[in-house]
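The values are calculated or read from the model by the stated rules, or taken from the named source; none is laboratory data. Not measured: the values here are computed from a predicted model. Positions of Cβ are backbone-derived with ideal geometry, glycine not excepted, and every protein chain shown enters the neighbour counts. When the accessible area is computed, the model is the full protein with side chains, heavy atoms only, and any ligands, DNA or RNA have been set aside. Shrake-Rupley method; radii C 1.70, N 1.55, O 1.52, S 1.80 Å.
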Amino acid sequence: MERTATADTQASATPSGASLADEASPLLDAMPRQREVAETAGDLRLRAVSVSASTPAVPRESRLLAALRRLHPWRLLPTPTGTPFTFGYAMLLVVTSLVAQYADPTLVSELHKASSTDVTHLVRDPFVVLVASALWIVGGVLSPYAFLFLLVLTALERRIGGVRAAGVFLTGHILATLATEGTVGLAVLAGHLPDSSLHRLDYGISFGVAASTGALAGLLRPWLGLPLLALFGWTLLSDLIAFTDPMTSWGHLISLTIGVSTWPLIRRWQRAARVAGTARVEAARVEVARV
C-alpha cells in the first residue's frame with residue numbers, strides 16, 4: 001500500500017506534458033503495475049522466509065524417538081497380556097534358575113537327575129520327565145538359549161497365539177528328545193554304547209527353542225527370516241563338527257528341522273490370526289458407532 005500511494009503522489013506532481021505522454025504510451029502505463037506485482041511477489045517471498053525461519057526445526061533426537069516408537073521395541077519382550085504363555089513360562093524358568101544357583105548342590109543334582117529325559121526315565125515315566133526336563137535352563141538365565149527363548153517365543157506367540165506357540169515348542173522338545181534318546185537306546189542294544197548311556201543326563205529348553213526358531217524364520221520377511229535361519233543353522237553345524245556333545249548337537253538340528261517343517265501350518269495360523277484380529281477391530285468399531 002505504501003508503494004502504491006507514493007506512485008500516485010509522484011504522478012500528480014508530474015507536469016501535464018508528461019501526463020499526456022504517459023497516456024499516449026501504454027508501456028509507461030503498465031510499468032507501475034508491473035513493478036507493483038513484482039514487489040508484491042517479493043514481499044510474499046520475504047514473508048514465507050520469515051515464517052519458515054520462525055518455525056523451530058525438529059531436533060534429531062525427537063525424530064529418533066519417533067522412529068523407535070514406530071518400531072515398538074518393547075514388543076520384543078513378553079508381557080502378561082500380550083504374550084501370556086511366554087511371560088508365564090519365563091517367570092517359571094527364572095524361579096528354577098534361582099533354585100539351581102542358590103539351593104544346596106546336592107538337592108539341585110537330585111532334581112536334575114529326576115528331570116532327566118534319559119532312556120531309563122523315558123521308559124519308566126515318559127510324560128513326567130518330558131515336562132520336568134523343560135523346566136530347567138542349562139547355564140541359567142544368562143545362557144544364550146535363555147535370551148533366544150525370550151525373543152523367539154515372544155515373536156512367535158505374537159504371530160500365532162500362545163497355545164499354538166506352546167505346541168510348536170513342545171513338539172520340537174518332545175520329538176527331538178525321543179529321536180536322540182531312542183537312538184541311544186538302540187545303540188546300547190546293538191552293543192555300540194555302554195549301559196551307562198541309558199542314564200545319560202539330559203534336560204533343558206534348547207530343543208524347544210531351536211524348533212521355535214525354525215518356525216519363526218518362516219513367518220518373518222525373507223530378508224530377516226532367511227539370515228536368521230542360516231546363522232542359527234551354521235551355529236548348530238559348528239557344534240556338531242566340534243563333536244563335544246554329538247547327541248545334543250543332532251537333537252538341535254532335528255528340532256530346527258521340525259520347526260521348519262511346520263511352515264505351511266503356522267502360516268495358515270498366522271493368516272487366521274490376522275483375520276480374527278481384523279474382525280475384532282471391526283466389531284469394536286461397530287460397537288463404538290452404536291454408542
Those residues of the range 149-176 which are of a type in the set (G, A, S) and either in contact with a Phe, Trp or Tyr (Cβ under 9 Å, 6 or more places away or on another chain) or touching a residue at least 12 places away in the same chain (Cβ under 8 Å) (or both), in sequence order: A155, G161, G162, A165, A166, G172, A176
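Tally up the residues in the range 104-119 that are among the polar types (S, T, N, Q) and surrounded by 15 or more Cβ atoms within 10 Å (Cβ to Cβ), please.
Applying the first criterion (among the polar types (S, T, N, Q)) to the range 104-119 yields 106, 109, 115-117.
Remaining after also requiring surrounded by 15 or more Cβ atoms within 10 Å (Cβ to Cβ): 115-117.
Residues in the range 104-119 being among the polar types (S, T, N, Q) and surrounded by 15 or more Cβ atoms within 10 Å (Cβ to Cβ): 3 in total.
Could you tell me whether any residue of the range 82-103 is of a type outside the set (A, V, I, L, M), assigned to a loop (DSSP other than H, G, I, E, B) and open to solvent by 50 Å² or more (accessible area, probe 1.4 Å)? Please lay out each step first, then the result.
Residues of the range 82-103 of a type outside the set (A, V, I, L, M): 82-89, 96-97, 101-102.
Checking which are assigned to a loop (DSSP other than H, G, I, E, B) leaves us with 82-83.
Filter again for open to solvent by 50 Å² or more (accessible area, probe 1.4 Å), leaving none.
No, because not a single residue in the range 82-103 is of a type outside the set (A, V, I, L, M), assigned to a loop (DSSP other than H, G, I, E, B) and open to solvent by 50 Å² or more (accessible area, probe 1.4 Å).
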Hey, V152 among the β-branched types (V, I, T), assigned to a helix (DSSP H, G or I), buried (at least 19 other Cβ atoms within 10 Å of the Cβ) and in contact with a helix residue (DSSP H, G or I) (Cβ under 9 Å, 6 or more places away or on another chain) or not: yes
Helices (runs of 4 or more DSSP H) (entirely within the range 183-291) containing at least 1 residues that are polar (S, T, N, Q) and without any contact (Cβ under 8 Å) to a residue 60 or more places away in the chain: 222-242, 246-261, 263-290
Checking F169 against (1) in a helix (DSSP H, G or I); (2) at pLDDT below 95, the condition it does not meet: (2)
Residues being in contact with a Ser or Thr (Cβ under 7 Å, 6 or more places away or on another chain), under 30 Å from G277 (Cα atoms) and open to solvent by 60 Å² or more (accessible area, probe 1.4 Å) - total across the range 157-216: 1
Evaluation of V58 against (1) modelled with pLDDT of 65 or more; (2) among the β-branched types (V, I, T); (3) open to solvent by 60 Å² or more (accessible area, probe 1.4 Å) (one fails), failing number: (1)
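Which members of the range 116-125 meet the condition of being in contact with a helix residue (DSSP H, G or I) (Cβ under 9 Å, 6 or more places away or on another chain) and over 21 Å from V209 (Cβ atoms)?
If we filter the range 116-125 for residues that are in contact with a helix residue (DSSP H, G or I) (Cβ under 9 Å, 6 or more places away or on another chain), which is where we start, we get 116-123.
Within the range 116-125, V119, T120, H121, V123 meet the criteria.
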Residue count for the range 102-132, restricted to those that are of a type outside the set (G, A, S), free of Cβ contacts under 8 Å to residues at least 12 places away in the same chain and farther than 12 Å from H199 by Cβ: 12
Test: residue in the range 121-130 that is more than 12 Å from I205 (Cβ to Cβ), part of a loop (DSSP other than H, G, I, E, B) and touching a Lys or Arg at 6+ places or on another chain (Cβ under 8 Å): no
Test: residue in the range 273-286 that is β-branched (V, I, T), exposed (fewer than 11 other Cβ atoms within 10 Å of the Cβ) and closer than 26 Å to Y203 by Cβ: no
